[in-house]
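Q: Let me begin by handing over the structure; questions about it come next.
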Amino acid sequence: MTKKEEPLLIGAHTSIAGGVYNALYEGHSIGATTVQIFTANQRQWNTKAIGEEDVKRWKEVLKETGLQKIMSHDSYLINLGSNKEDILAKSLTAFRQEIERCQELEITYLNFHPGSATGASEEECLDKIAESLISFEDQFLKKGDLRLLLECTAGQGSTVGYSFEHLAYIIGKVEKKIPIGVCIDTCHAFVAGYDLTSKAAVSSTLDEFDRVVGLKHLYAFHLNDSMKGLGSRVDRHQDLGKGEIGIECFKALMHDPRTRYLPKYLETPGGLESWKKEIALLRSI
Ligand SMILES: [Zn+2]
Ligand SMILES: [Zn+2]
């Protein structure tokens, strides 16, 4: 007797140009079963709320396309760990609006870059991030299942979140107050020093994650190959199989029962045609 398999949730970061719901259509057109979006312009502080009509349309298109576990990526400007008062204040306001837009669209995950230390120590920055996150506790009292996901970073400049220890530290401080988890970006983890170049390497990196953070906190992946080498701390995404990580990593993530059914979002530079092929490839593994 064959058991019906859970759906494989694989998608890419698609465009909301012309209306948020267009990202769902774009995903559907390339064979995606989930997508990641920006819910507003990711390079501006002042963002608009999503109009009522667009919200309605979004929910209809969600049903029509059958896409699941939609992820939102927060604005690049936000730094929840800033030690500069004005930046922190703007970041808190903007992140609150990010949460509101996600809840309105019934989005499952809000992925965010933890923060940047800019002058302060890493520990001070991590403490500030935890404090910022806890300040949103009231927004999770209403019903809905939005979860915030810390994205592991490449560790460029003064950004934190490049080690599993950083992620575990933040989670330990906030998990009783807000729904939190982790999204592993394969490019970021690799350039931060976690080897992913073979099945064995992927397996031991997952073991390491489990030991430090706990696999129950792992909810999603950003799938990207990397232009730069292991431990280089330089974030340059590459198409799957064409970078320093190589295709074995992505095969392993599709095979490993710990990661097979977790949603995966491509942020590779190839664009729509290339994503279509990458999605089909991942699905065939
Ligand atoms: Zn990413
Ligand atoms: Zn990146």
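The values are calculated or read from the model by the stated rules, or taken from the named source; none is laboratory data. Quantities reported herein were computed from a predicted structural model and do not represent experimental measurements. As a convention, Cβ positions derive from the backbone with ideal geometry for all residues, glycine included, and neighbour counts pool all protein chains shown. Surface accessibility is based on the protein's heavy atoms, side chains included, excluding ligands, DNA and RNA. Shrake-Rupley method; radii C 1.70, N 1.55, O 1.52, S 1.80 Å.
Q: Return the residues of segment 148-160 that are part of a loop (DSSP other than H, G, I, E, B) and more than 23 Å from residue 102 (Cα to Cα); say none if nothing qualifies.
A: 154, 155, 156, 157, 158
Q: Within segment 219-241, work out how many residues are open to solvent by 10 Å² or more (accessible area, probe 1.4 Å) and either within 14 Å of ligand 1 (Cβ to nearest atom) or touching a Ser or Thr at 6+ places or on another chain (Cβ under 9 Å) (or both).
A: Qualifying residue count, segment 219-241: 10.
Q: Continuing with the same structure: Counting just the residues of segment 9-31 that are touching a helix residue (DSSP H, G or I) at 6+ places or on another chain (Cβ under 6 Å) and closer than 17 Å to residue 283 by Cα, which one comes out surrounded by the most Cβ atoms within 10 Å (Cβ to Cβ)?
A: Among those that are touching a helix residue (DSSP H, G or I) at 6+ places or on another chain (Cβ under 6 Å) and closer than 17 Å to residue 283 by Cα, it is 11.
Q: Residues in segment 256-267: is at least one within 16 Å of ligand 1 (Cβ to nearest atom), open to solvent by 20 Å² or more (accessible area, probe 1.4 Å), closer than 29 Å to residue 145 by Cα and not charged (D, E, K, R)?
A: yes
Q: Moving to a separate point now. Considering 202, 213, which residue is over 18 Å from the mean Cα position of the chain (by Cα) and more than 16 Å from ligand 2 (Cβ to nearest atom)?
A: 202
Q: Oh, and also: Tell me which residues, restricted to segment 228-248, are at negative phi and in contact with a Phe, Trp or Tyr (Cβ under 8 Å, 6 or more places away or on another chain).
A: Within segment 228-248, 230, 240, 244, 245 qualify.
Q: Using beta carbons and a limit of 9 Å, which pairs, at least six apart or on different chains, have the first residue in segment 78-94 and more than 16 Å from residue 43 (Cβ to Cβ) and open to solvent by 60 Å² or more (accessible area, probe 1.4 Å) and the second one among the small types (Gly, Ala, Ser) and part of a loop (DSSP other than H, G, I, E, B)?
A: Cβ pairs passing all conditions: 83/117; 83/119; 83/120; 84/119.
Q: Could you go through segment 152-163 and let me know if any residue there is farther than 26 Å from residue 229 by Cβ and crowded, with 22+ Cβ neighbours inside 10 Å.
A: No, every residue in segment 152-163 fails to be farther than 26 Å from residue 229 by Cβ and crowded, with 22+ Cβ neighbours inside 10 Å.
Q: Taking interchain pairs and intrachain pairs at least six residues apart, which have beta carbon atoms under 6 angstrom, with the first residue in segment 173-190 and away from ligand 1 (no atom under 16 Å from the Cβ) and the second assigned to a helix (DSSP H, G or I) and not hydrophobic (A, V, I, L, M, F, W, C)?
A: Short answer, once both residue conditions are applied: 177/137; 178/137.
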